[in-house]
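The values are calculated or read from the model by the stated rules, or taken from the named source; none is laboratory data. Keep in mind the model is a prediction, meaning the values are calculated, not measured. Cβ atoms come from the backbone with ideal geometry, glycine included; neighbour counts cover every protein chain shown. Accessible surface is based on the protein model in full, side chains and every heavy atom, while ligands, DNA and RNA are left aside. Shrake-Rupley method; radii C 1.70, N 1.55, O 1.52, S 1.80 Å.
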Amino acid sequence: MMFLQAAITELADMGCLDRPAEDALITPLGFLAMALPCELRLCRLLYFGMMVQQPCDAIALTVGLTAADPFSTPSLLVLKDQREYCKKLDRSFAARLQCDEGMHSEPMMLRNLFVAWIQAGAPRGRSMSSFARDYSVIPKKFDALACEAVDVCTRLCKLLRPRTPGHDAIRSLLGAMRFSVDRREELVKSGYPSNAEYQKLFTEDTRMCRAMLCAAFSDQMMLALKPRWVSGDGKKRKEEQMVAIMKKHGLNNRGTVCIMNPPQELRVEDAEENHQKLCETICGERARQVHWDEKEKLLFLDFVGPPEFTRGRKGGRSYREEDEEEEPMVLKDACPAVHRMHQFGAGRWKFTVENPLNTNGESSDWVVEAPQTIELLKPLQPFLLNWEVLQHTIPEDGGSKKAKKPAIVKAMPDWRNPMGFACHCTDELPAQEHIGVCASVQGLESGGSAFVAGASILGLNHLPLLLMTLDPAKWQVQWGFDAYGGEVRAIKILHYEIVLPPETLTMDVIWKVNEVRKKILESLTPWEEEEEVVDRKRPGLQYLWVENIKEQVADLLEDIWPEPDRVVKAKKLQWCSAIGEPISDVLTPLQPVAEELEVAMPSGAGKNGDRNGNKKAKGQKAHSQNGVVKAKQGIRASEADTVGKIISWLRERPHHEAPLSHVSGCFRVSRKVLHAYPEFLRCTPMKGKNNEDLVQLVAATNGYSDAPSRGRQAPTPAAPLRSQRALAISASESATTTRIEQLCRDDTVSCRPSDFDKRVKSWFRNFEQRRGHSKTDAAFQMLGQWCSRKEREEVRKWPAYIMKLLQEWENREFPDEEALGA
């Protein structure tokens, strides 16, 4: 019975059952899982792909993760010649890198390979030789992947109602693979389509594919926090020493790899030439720079070289102009030669290689006595991402005791793919942290390490995509609110605390996340028995219900930056649970997340702090258990009592807000007193009214009305709170837009109002709150000077160029403050 209950709980967590009970109803996702020979999370990927109107992309992602790796997999167990092995490794990795397209995602790599096969005419058998040669794939393995795709398409055609967009797209994909389904729902062969409709089956928006992966695999997260090259409090790590040596000798971050304690015989006579021969033996390429550090016993091999080797056609252009034209990427990964150095040893800690000193035919005594092979340690890169698997632990004694902190389990991606030796080769501070998801984890019970398959790297800016399906109760998610600004600046998942870049989880983003969760909940809620729609031609069967959430997901993607800003730690954080108010009694993991920080003091708080024993901030007193606001430094007791009355008064008003003039007239309170309690009240300028603020209560409800019901009834959302939307629509935005229009009216300025995107406007809004109006005027004056020096055609991406100018200007003007990128 224990295993049966565990299986029911797992099905309920995945969304296949509406609740973890034996009398639970099967959801549409459960019916899909019953019809497909796929793992549960891959079924979720297919279902979410159909929900965002991209079924063909979801099928390509699923079959790529289901079938065996179609790329060539050279091995020294088969190839005895190391030179041939090195060449085949080069071709295989080049094909994988080409299909990855800088996404650093194994599912996307396999999806792009499948799309290339469809666009090549879906060759099979002997006609596949040209495609297999170009993409370094094994024809038989790829043929098995194609058969898996045909089978999944056939099964889905039987589940979806005919003449729906999803059904038509899957039939077109079957036609592109030279198959079709007849009236009896049997698979028959057909000719390749003569039109070009098959080219429109797959989306060009890779962000939507990333959102599908995050929604399907949100419960299998990987974390790469606190890079090892960043200096710690204790003894200097090996990675810190490596970075210091690389800076001192001008070695390139992206092109350098280290070999620890190489054999002594390589340093006899011409040591540099011997090291170059070793490079040619392992990766077939000579290094541009070689450095041996005698103290640390480290051999540095730089395959890129100093900046003069990397300028190319850009010549002597400045770093600023090159940086603003770069495409936003998740990682600044190492060069392919560094990856091949790691792949030669197949990811092992120790491996053997033929002695390069025996291949020159010399006859000196020391060459003759040299061994045939030498043993090397695994190459090192100081910027290598060290992944940890996020494990869920069950509390002891059924939850009566707190769960112990689990041991750290290292995640090991496939060493053949770009993910296997992924690095973020930049030494800028603060160091950037990364998260990821994977399709499966193997060997988690063994302890220290586990193999992960189907891994994808994400930046911290992609965290809202994981919240679309993440269960806040199971993973103990908590928001870390800035005590002074009211914005979510950190998040806790189990025992991991992740500090977020600014503008990652605004109130508007959390509201949009809840909109997506609400639509998914509505789609997965089972039909009641009296409402089941059964096809007369298919007695006992019903078509699969799929909700369209493409609009909601696209709206959420608009608020996610292409790349994350630098992390700025808040001075003080207030933590609260991310579990929102439930809107139904089914599908608990998909209930809404909390949108605002709770104001009320938890019961049982101590005399000098909260329930957890946290002490008060210096110069600030906490309010008492009965909700009465106590005085702070510079605030009299009578004024604090007035603030408490205002809080009670606002709770009774519509939308929990009122103009400042109305509040001041009723309670005789100044703006200074209201600003002294940001944990309770928020004052934002009102549009079109000078020197007038809107006073809002920080915490209210989650924006949903209770609708506890079981069966297919859509949860009824309450009217959205104006206090949640007022952050995104404020008077400062109107003033910023007016200043931008005034700036662009100047004929000497090359920028246009459309170049100031949402990210730039958000920077101006936050900057004005931190610095004031005068400094904001100085920022616009600086933009006018720089934009007048550029022609319109000289800058490829004006929004990125403007953002770079503003960030660098703030660094120069305020070097001693930690407000970079905020």
**Fill in**
In whole percent, the Cα-Cα distances of segment 405-531 spread across 5 Å bins from 0 upward as 2, 8, 14, 17, 19, 15, 12, 7, 3, 2, 1, 0, 0
**Prompt:** When you count, for each residue, the other Cβ atoms within 10 Å and take the mean per peptide, how do 429-435, 738-744 rank with the highest first?
**Reply:** 429-435, 738-744
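Quick one: pull the percentage of alpha-carbon pairs in segment 66-130 with a separation above 17 Å. Please report the intermediate quantities before stating the final value.
Working: 1086 of 2080 pairs.
Percent of Cα pairs beyond 17 Å in segment 66-130: 52.
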**Prompt:** Using 0.36 nm per residue, how much length does the chain from residue 68 to residue 94 gain when fully extended, once their Cα-Cα distance is taken away?
**Reply:** 7.5 nm
**Complete:** Note, segment 415-432: 3J(HN,Hα) by Karplus (6.51, -1.76, 1.60, θ = phi - 60°), whole Hz, Gly/Pro = x, goes 5, 7, 9, x, 5, x, 9, 5, 10, 10, 8, 9, 9, 6, 10, x, 5, 7
**Asked** So how much slack lies between residue 427 and residue 748, counting 0.36 nm per residue of separation and subtracting their Cα-Cα distance, in nm?
**Response** 111.8 nm
**Request:** Compare the peptides 765-778, 41-54, 128-141, 246-259 by average per-residue count of other Cβ atoms within 10 angstrom and give them in order, highest first.
**Result:** 41-54, 246-259, 128-141, 765-778
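Between residue 651 and residue 248, what FRET efficiency follows from the Cβ-Cβ distance if R0 is 51 Å, with the result rounded to 0.05? Mind showing how you got there, number by number?
Numbers: r = 62 Å, r/R0 = 1.21.
After rounding, the FRET efficiency stands at 0.25.
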**Complete:** Hull surface over four for the Cα convex hull of segment 105-262, reported in nm², is 15.8
**Prompt:** residue 780: accessible area at probe 1.4 Å, nearest 10 Å²?
**Reply:** 20
**Message:** Using only the alpha-carbon atoms, what does segment 733-821 span along each of its principal axes? Please give whole angstrom values in decreasing order.
**Reply:** 35, 25, 20
**Prompt:** How many nm is it between the label spots at residue 791 and residue 807, if each spot is 7 Å from the Cα in line with the beta carbon?
**Reply:** 2.8
**Asked** Within the set 158/200; 226/572; 238/797; 248/350, which residue pairs have Cα atoms separated by over 32 Å?
**Response** 238/797
**Rounded to whole Hz, the Karplus (6.51, -1.76, 1.60) HN-Hα couplings of segment 244-261, x for glycine and proline** = 4, 5, 5, 5, 5, 9, x, 7, 6, 5, 7, x, 9, 9, 10, 10, 8, 6
**Fill in**
The simple spin-label model distance between residue 126 and residue 230, using points 7 Å out along Cα→Cβ, in nm, is 6.0
**Item:** Linear extension gain, residue 777 paired with residue 186, 0.36 nm per residue minus alpha-carbon span
**Value:** 205.8 nm
